[in-house]
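Structure first, commentary second.
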Amino acid sequence: MNTNETPLLQVKNLRVEFPTRRGTLLALDDISFDIAAGEILGVVGESGAGKSLTGAAIIGLLEPPGRVAAGEIRLDGRRIDNLPYEEMRKVRGRQIGAIFQDPLTSLNPLYTVGRQLVETILTHLPMSPAQARQRAIQLLKDTGIPAAEQRIDHYPHQFSGGMRQRVVIALALAAEPKLIVADEPTTALDVSIQAQIIALLKRLCKEKGAAVMLVTHDMGVIAETCDRVAVMYAGRIVEIGPVQDVIHAPAHPYTVGLMGSIPSMDEDRDRLTQIDGAMPRLTAIPKGCAFNPRCPQAFDRCRIERPELMDAGRTRAACWLHSPQERRAA
Ligand SMILES: Nc1ncnc2c1ncn2[C@@H]1O[C@H](COP(=O)(O)OP(=O)(O)OP(=O)(O)O)[C@@H](O)[C@H]1O
Ligand code: SF4
Ligand SMILES: [Mg+2]
């Protein structure tokens, strides 16, 4: 039912809460974004911003007591945030592939990688065991695993970290999912192979027309891989837009700080500028704009009223500097 007008993934006004004895923690507040088929959306932001929770909510794996308290998530037009557990498990296996930081969390150490691939394929695609094995070998080849015909019968511990993450990518793609959620897929890997893995992920997803949500701390990866970027701060999206605009002409002061703090390949690490202060805890989110205590451009309104995302040149930013009134005054 996916038409050009319906993005593959639609997240609308998503709110995630953790009920605690001392009250309810609001961990994700009014998150909205879309990803089109074949598009890669990068998600960045400091530790604790809510990147992983957003991914977990989409794949239906929020850890209790965390729960989706409001909003909706649609895949190909169909609501998936309120499905019964078994239904969602099927969606997750068939339509959504997940890739996490540590490949071992996705692989069963007791089974050969071939068995895991073949089982996934047989569960979700109409194939014979022999066809599934052929497909598994092809997937391993596609992900750049040498001697795939032999390696298919090896166990996860017989692979290096980088090779293991290739296996996880093969597994995530095994059922031809429409959406891939990749949460820091290369953070645990050797720097020298990170770029290869990201390039592989990008190539395979573009080839297969899968939509991708890619969480990463690596701005170089974002620049080379993503079509658009969402910047998160304290449980909200503070800026979202085309990758080149967010990187080279950020509209939100937090994004400006974040871009300033990314060492680029050809620069020295000591030229790195940090944003002063720390992101607030969920229990102490400031009134008004959550970034106001750290913002070099904060003014009165920022301490009282919370800005929603608004048009800010080529991106959208949740910042009063871009409200029509402020622009008139400037
Ligand atoms: N089970 C939980 N109970 C209470 N709060 C939680 C729970 N899980 C996550 N949080 C809180 O939700 C917020 C967002 O966490 P999340 O894991 O999404 O951050 P992140 O952006 O992925 O950070 P990182 O870059 O460190 O991975 C954090 O403040 C975290 O403390
Ligand atoms: S709304 Fe105000 S405090 Fe928040 S980022 Fe914009 S200028 Fe800074
Ligand atoms: Mg995380």
GNM on the chain, Cα springs under 10 Å; top mean-square fluctuation among M127, M232, M219 goes to M127
In terms of modelled amide H atoms, which long-range or inter-chain residues lie less than 5 Å from the amide H of A70? R15
Which net charge results for the neighbourhood of A251, defined as the other residues with beta-carbon distances under 13 angstrom from its beta-carbon, given Lys and Arg at +1 and Asp and Glu at -1? -1
Estimated 222 nm signal from helices in the chain, with DSSP H stretches of n ≥ 4 weighted -39500 (n - 2.57), rounded to 500: -9500 deg cm²/dmol
Using a cut-off of 12 Å between alpha-carbon atoms, which aspartates and glutamates can reach K141, once sequence neighbours fewer than 8 places away in the same chain are excluded? E149
Peptides 7-14, 281-288 ordered by average Cβ neighbours within 10 Å, highest first: 7-14, 281-288
May I ask for the angle, rounded to the nearest 10°, between helix 85-94 and the longest principal axis of the chain, with both axes built from Cα atoms and the value confined to 0 to 90°? 70 degrees
Other residues with Cβ under 11 Å from the Cβ of K287 give, with Lys and Arg +1 and Asp and Glu -1, a net charge of +1
All lysines inside 29 Å of K51 as judged from Cα atoms, apart from same-chain residues fewer than 8 positions distant: K12, K90, K178, K202, K206, K208, K287
When you count, for each residue, the other Cβ atoms within 10 Å and take the mean per peptide, how do 110-121, 81-92 rank with the highest first? 110-121, 81-92
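Return the carbon/sulfur percentage of the accessible area of the chain, one whole number, probe 1.4 Å, all protein chains in place.
51 percent
Which value, in debye to the nearest 20, gives the size of the charge dipole of region 96-176 about its Cα centre, when Lys and Arg are +1 and Asp and Glu are -1 at the Cβ? Could the numbers behind the result be given before it?
Working: 7 positive and 6 negative charges, 22 e Å.
Dipole size: approximately 100 debye.
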Point-charge dipole on Cβ atoms (K/R +1, D/E -1) for the chain, about Cα centre, debye to 20: 680 debye
When DSSP beta bridges are limited to those with both residues in the chain, what percentage is antiparallel, rounded to the nearest 5? 65 percent
Taking the chain as a Gaussian network, where each spring joins two C-alpha atoms under 10 Å apart, which residue of A36, A57, A69 fluctuates the most? A69
Positive minus negative residues near D81 (Lys, Arg vs Asp, Glu; Cβ under 9 Å): +1
Starting from the amide H of G42, placed 1.01 Å from N in the peptide plane, find each other amide H under 5 Å away whose residue is 5 or more places distant or on another chain. L214, D227, R228, V229, A230
Beta carbons within 10 angstrom, averaged per residue: use that to sort the peptides 25-33, 173-181, highest first. 173-181, 25-33
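The values are calculated or read from the model by the stated rules, or taken from the named source; none is laboratory data. Note that the structure is a prediction, hence the values are computed from the model and not measured. Note that each Cβ is placed from the backbone with ideal geometry, even for glycine, and that neighbours are counted across all protein chains shown. What goes into the accessible areas is simple: the full protein's heavy atoms, side chains included, and nothing from ligands, DNA or RNA. Shrake-Rupley method; radii C 1.70, N 1.55, O 1.52, S 1.80 Å.
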